[in-house]
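Q: Quick one: structure below, then a few questions.
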Amino acid sequence: MADGIGPVPATLMPTVKNIGFLSFGHWTDSPHSATRSASDALLQAIDLAVAAEELGADGAYFRVHHFAQQYASPFPLLAAIGAKTSRIEIGTGVIDMRYENPLYMAEDAGAADLISGGRLQLGISRGSPEQVIDGWRYFGFEPAEGRSDADMGRQHAERFLEVIEGEGFAEPNPRPMFPNPPGLLRVEPHSPGLRDRVWWGSGSTATAKWAARLGMNLQSSTLKDDENGKPFHVQQAEQIEIYRQAWKEAGHAREPRVSVSRSIFALTDERDWAYFGRDRYSSDQVGNIDEKTRAVFGRSYAGEPDELVAKLREDEAIAAADTLLLTVPNQLGVDYNAHVIESILEHVAPELGWR
């Protein structure tokens, strides 16, 4: 194994995997883009989720960024996909909780989950650097005195988790417009089971342990804090192992889920070579995402199917996760992205035992 770490424990090496896609929903008013507007991005996301379900993929996930030409308000999109599909998981990776009103979000999430029949997999986090300075201030949020915006995001997350448990907390009006059930009232609509389908997008070991203690599943992307200088996939595998140990120590009754995201392209035709042939030589990169945080960015994977299989066998974090999210180049259009997903499901996943 790379850089001195021993073999990944057998308990961290599930074989069959949930395989989904993750889209950032970029749009650009350019003749080179198949996604020219917000309308294009949203409608194409629905079409791609439908196509992915037909191909046998397990999940359709969407990134949320504010003040950007990307997806921003996820719940109308998730509800629309839930209404047009029947099996595929629908989710986010991730929602920035610094921008969220936890109670209003609980209503939106409950509605989207009920529309989909309980298929929502809700990835949330404290957020990453955004397009504008302190964008959450424009949404009406301000950290408490002596607290950071990251603290605020985690506080919003904790309140959201409390609310979706479904316990009543609000004093009813003694003269309501409509009759109330007895006792304190909860936010409606409530979707039973949603609490177990909340994931925390973690970029560090510390936040992975925090997520485990709170009983959230773990999402780990292609970016994390560079905590020890080891290759990205090794650091991520270590993060997953630490998270699972913290989960065990917390005494939760169920088993957690863990996802990692990757850019993976099987080069099977001329289009693939033209778009991603150069990524055969991709490697990890290290840089600063802000003035305080040194981060490691995971490599992309590209190659002919046999070459790709050999490379992916060496990725310890993929081996440790039960869910793999394929980041897709959404501006290349629905048909091409369906081809990208199908190529992995058909040519790569079976060879690795993922299917």
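Q: Restricting to region 309-324, name every residue that is not hydroxyl-bearing (Ser, Thr, Tyr) and not in a helix (DSSP H, G or I). Give the derivation first.
A: Looking only at region 309-324, we keep the residues that are not hydroxyl-bearing (Ser, Thr, Tyr), and these are 309-322, 324.
Residues satisfying the conditions are Glu314, Asp315, Ala321, Asp322, Leu324.
Q: While we're here: I need the full set of residues from region 174-203 which are surrounded by fewer than 17 Cβ atoms within 10 Å (Cβ to Cβ) and modelled with pLDDT under 95, in order please.
A: Just the residues of region 174-203 that are surrounded by fewer than 17 Cβ atoms within 10 Å (Cβ to Cβ), to begin with: 174-185, 188-189, 192-193, 196.
Across region 174-203, the qualifying residues are Pro174, Arg175, Pro176, Met177, Phe178, Pro179, Asn180, Pro181, Pro182.
Q: Would you tally the residues in region 136-147 being of a type outside the set (Phe, Trp, Tyr) and under 13 Å from Met97 (Cβ atoms)?
A: Number satisfying all stated conditions: 1.
Q: Look through region 325-355, keep the residues that are touching a residue at least 12 places away in the same chain (Cβ under 8 Å) and of a type in the set (Asp, Glu), and return whichever of them is farthest from Trp27 (Cα to Cα).
A: So, considering only residues that are touching a residue at least 12 places away in the same chain (Cβ under 8 Å) and of a type in the set (Asp, Glu), the one farthest from Trp27 (Cα to Cα) is Glu351.
Q: Looking only at region 277-287, decide whether some residue is farther than 19 Å from Asp322 by Cβ and either buried (at least 19 other Cβ atoms within 10 Å of the Cβ) or under 18 Å from the mean Cα position of the chain (by Cα) (or both). Spell out the reasoning first.
A: Initially, region 277-287 is screened for residues farther than 19 Å from Asp322 by Cβ, giving 277-287.
Okay, now just the ones that are also either buried (at least 19 other Cβ atoms within 10 Å of the Cβ) or under 18 Å from the mean Cα position of the chain (by Cα) (or both), so none.
The answer is no; no qualifying residue exists.
Q: Consider Ala253 against the criteria (1) closer than 21 Å to Ile242 by Cβ; (2) among the aliphatic types (A, V, I, L, M); (3) within 19 Å of the chain's Cα centre (by Cα): it satisfies all of them except one. Which criterion is unmet?
A: Going through (1) closer than 21 Å to Ile242 by Cβ; (2) among the aliphatic types (A, V, I, L, M); (3) within 19 Å of the chain's Cα centre (by Cα) one by one, Ala253 breaks only (3).
Q: Do you know which residues across region 222-268 are hydroxyl-bearing (Ser, Thr, Tyr), at pLDDT 95 or above and surrounded by fewer than 22 Cβ atoms within 10 Å (Cβ to Cβ)?
A: Selection gives Ser263, Thr268.
Q: Can you tell me which residues in region 213-232 are over 22 Å from Glu167 (Cα atoms) and either within 17 Å of the chain's Cα centre (by Cα) or charged (D, E, K, R) (or both)? Before you say what the answer is, go through the steps one by one.
A: Pass one, region 213-232, residues over 22 Å from Glu167 (Cα atoms): 218-232.
Of everything in region 213-232, those that are over 22 Å from Glu167 (Cα atoms) and either within 17 Å of the chain's Cα centre (by Cα) or charged (D, E, K, R) (or both) turn out to be Leu218, Gln219, Ser220, Ser221, Thr222, Leu223, Lys224, Asp225, Asp226, Glu227, Lys230.
Q: Do you know which of the residues in region 325-346 that are in a helix (DSSP H, G or I) and of a type in the set (Ser, Thr, Tyr) is nearest to Arg36 (Cα to Cα)? Lay out the reasoning, then the answer.
A: Kept after step one, since they are in a helix (DSSP H, G or I), are these residues of region 325-346: 330-332, 334-346.
Now restrict to residues that are of a type in the set (Ser, Thr, Tyr): 336, 343.
On the way: Tyr336: 16, Ser343: 26 Å.
Only one residue tops the list, namely Tyr336.
Q: Looking at Asp306, Asp290, Asp272, which is the one that is part of a helix (DSSP H, G or I) and more than 22 Å from Ala52 (Cα to Cα)? Working first, answer last.
A: Numbers: Asp290 fails: part of a helix (DSSP H, G or I); Asp272 fails: more than 22 Å from Ala52 (Cα to Cα).
After applying the criteria, what remains is Asp306.
Q: List the residue pairs whose Cβ atoms are under 7 Å apart, where the first residue sits in region 67-92 and is in contact (Cβ under 8 Å) with a residue 12 or more places away in the chain, the second is assigned to a loop (DSSP other than H, G, I, E, B) and of a type in the set (Ser, Thr, Tyr), and the two are 6 or more positions apart or on different chains.
A: From region 67-92, the pairs are Gln69/Thr28; Leu77/Tyr71.
Conditions (1) within 24 Å of Leu22 (Cα to Cα); (2) in contact with a Leu (Cβ under 6 Å, 6 or more places away or on another chain); (3) surrounded by 23 or more Cβ atoms within 10 Å (Cβ to Cβ), marked per residue:
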site: Gln70; (1), (2), (3): yes, no, no
site: Pro76; (1), (2), (3): yes, no, no
site: Glu100; (1), (2), (3): yes, no, yes
site: Glu130; (1), (2), (3): yes, no, no
site: Phe141; (1), (2), (3): no, no, no
site: Ala157; (1), (2), (3): yes, no, yes
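Q: Return the pair list, or none, for Cβ contacts closer than 8 Å from residues in region 129-152 that are assigned to a loop (DSSP other than H, G, I, E, B) to residues that are acidic (Asp, Glu), at least 6 apart or on different chains.
A: Hits for this filter: Pro129/Asp290; Glu130/Asp96; Asp134/Asp149; Pro143/Asp149; Pro143/Asp151; Ala144/Asp151.
Q: Shifting gears a bit: Condition (residue is of a type in the set (Asp, Glu) and over 30 Å from Asp315 (Cα atoms)) applied to region 187-206: is it met by at least one residue?
A: So the first thing to find is which residues in region 187-206 are of a type in the set (Asp, Glu), and the list is 188, 196.
This time we only want the ones that are over 30 Å from Asp315 (Cα atoms), so: 188.
Checked against the condition, which is being of a type in the set (Asp, Glu) and over 30 Å from Asp315 (Cα atoms), region 187-206 yields at least one hit.
Q: Of the conditions (1) modelled with pLDDT of 95 or more; (2) surrounded by 21 or more Cβ atoms within 10 Å (Cβ to Cβ); (3) over 23 Å from Pro76 (Cβ atoms), Ile95 satisfies every one except a single condition; which number is it?
A: Exception for Ile95: condition (3).
The values are calculated or read from the model by the stated rules, or taken from the named source; none is laboratory data. Just so it is clear, the structure is predicted and the values come from calculations on it, not from any experiment. Glycine gets a Cβ as well: all are built from the backbone with ideal geometry, and neighbour counts include every protein chain shown.
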